[in-house]
Amino acid sequence: MSVADRVFLETTRRLAPRRFAQEDVHVALQLAQVEPGKPIADLGCGYGRHLREMVQFGHRATGIDRSALLLGEARAEAPSAPLVRGDLRALPLHQGSLAAAFCFYSSMFLGSEEDAALALVEGARVLRPGGTLVLTADNPLRLAAHPRARTEHDLPGLGHVVEESHFDGNVDHVHKTVRLGSGEVLTADFHIRYYAPEALAAIAYVAGLRFVRLHQPLTEETPQMIALLEK
């Protein structure tokens, strides 16, 4: 079991209320304009918080993640959804098998620039012609305006959590420390790559996807960047 997966799971499930996932999915589905019953996928579904809401909205959604730990939790969150263990750079799906795909909070962009390009190529491969990919991420303009951050939380049932981050203009470097009630200390580092709209449009074009639009214009105060791409 990856320590990073455990830290992500235990902190996110306590800090991200269900209504956040509901709002994320509602906006993403509105952008994608995909009918219930059409095959869709949550790429990098984690422990299933967004996948659960897709099912609640009546969609036939498959969850894909590389982590056995997180998929085990996703099975409890969305028991009716098919779950597949796989790498987003080599999706275990047939070409043209999806009407739409969704990636929430930069699951596609946790590695190198080459990894991100491969993940977009794979996203394009598994979409049908006219299929859509919706990417939901933190807003890189907001991160650039406030490149350093530090938060602390005492989380019931877990312990004391400290998160420190530094955005270098391309990658947000996040270090999390969790001091459990038992005294055990867990640490994990996450390196999340971000693209401004113009850069995302360029890398998407090379992958075979067209940048259609953003959910809303970006300012330094906009919390998220939600982008619609189309094959």
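No lab work stands behind these numbers, since they all come straight from the coordinates. In this text, all values refer to a predicted model and were calculated from it rather than measured experimentally. Counting neighbours? That spans all protein chains shown, and the Cβs are built from the backbone with ideal geometry, glycine included.
Segment Ala144..Thr222, full-extension length gain: 26.9 nm, with 0.36 nm per residue of separation and the alpha-carbon distance subtracted. The calculated FRET efficiency for the pair Ala201 and Leu155, based on their C-beta separation and a Förster distance of 45 Å, comes to about 0.70. Other residues with beta-carbon under 11 Å from the beta-carbon of Gly208 carry, at +1 per Lys or Arg and -1 per Asp or Glu, a net charge of +1. Farthest toward the positive end of the dipole of the stretch 152-231, out of His153, Tyr205, Val174, is the Cα of Tyr205, where the dipole comes from beta carbon charges about the Cα centre.
What net charge do the residues around His94 carry, taking every other residue with its C-beta under 11 Å from that of His94, with Lys and Arg at +1 and Asp and Glu at -1? That works out to +2. Take each peptide in 30-39, 112-121, 222-231, count the other Cβ atoms within 10 Å of every residue, and average; sorted highest first, the result is 222-231, 112-121, 30-39.
Near Pro147, once Lys and Arg are set to +1 and Asp and Glu to -1 for all other residues with Cβ below 15 Å from its Cβ, the sum equals -2.
Give the residues of the stretch 118-137 whose amide nitrogen is closer than 14 Å to a point set 7 Å from the Cα of Leu214 in the direction of its Cβ. Answer for this model: 135-137. For the chain, with a Gaussian network of springs between Cα atoms less than 10 Å apart, report the residue from Phe20, Phe190, Phe167 with the top mean-square fluctuation. Highest fluctuation of the listed residues: Phe20.
The charge dipole of the chain, taken about the Cα centre with unit charges on the Cβ atoms of Lys, Arg (+1) and Asp, Glu (-1), comes to about 680 debye, rounded to the nearest 20. Between the amide H of Asp138 and those of Met225, distances stay under 5 Å, these residues lying 5 or more places away or on another chain, with hydrogens modeled in the peptide plane. Strictly greater than 11 Å: what percent of every Cα pair in the stretch 187-231 meets that? Counting every Cα pair in the stretch 187-231, those more than 11 Å apart make up 70 percent.
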